[in-house]
Amino acid sequence: MLEFCREDRSPTSFNPARPDLVGYVSDYFYGFNPGESSQMWYGIWVPGNGLNHSILPNTVYRTAEGGVELGIDLVALTDIYDGDEMLDDYRRHGSPPDWAAEFSEEFGVTMNFSGYNDFV
């Protein structure tokens with residue numbers, strides 16, 4: 001992921017970060033803990049389709065019918081009407097994988113994981 005955010009991906013050149021890609025990963029990468037029987041599941045939203053943080057969320061991730069191997073579902077906890085903001089509690093995202101923690105530190109950006117921003 002660190003190389004994804006570089007202008008030039010060749011290992012022999014100076015590789016300045018592309019702010020648009022760094023911001024994309026920072027803003028849209030998330031985690032989901034499906035429970036003790038499965039490993040953490042990570043995903044990245046398409047810009048404009050993400051969820052904002054709230055301690056009173058109106059959505060929750062659930063393991064897809066058939067298991068996390070088939071994906072996850074986003075389920076409404078309340079009625080959501082046209083124009084309503086979709087909210088998630090980022091505290092449920094668990095811990096970032098090591099590479100994401102390194103990414104946050106290297107580029108000096110926040111992430112949607114507890115301890116990696118100033119709101120969770």
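Throughout, read-outs are computed from the coordinates displayed, never taken from laboratory work. What you are looking at is a predicted structure, and each value in this text was computed from that prediction instead of being measured. Every residue, glycine among them, receives a Cβ derived from its backbone with ideal geometry; neighbour counts consider all protein chains shown.
For a quick check, take a GNM of the chain with Cα springs below 10 Å and name the residue from D82, D20, D73 with the largest mean-square fluctuation. Looking only at D82, D20, D73, the biggest GNM fluctuation is shown by D82. In a DSSP loop and with at most 16 other Cβ atoms within 10 Å, the GluC sites (Glu not before Pro) in region 51-120 are E65, E85. For region 37-108, the set of chymotrypsin sites (Phe, Trp or Tyr not before Pro) satisfying both a DSSP loop assignment and a count of at most 10 other C-beta atoms within 10 Å is given as Y81. The convex hull built on the alpha-carbon positions of the chain has an orientation-averaged projected area of 8.9 nm².
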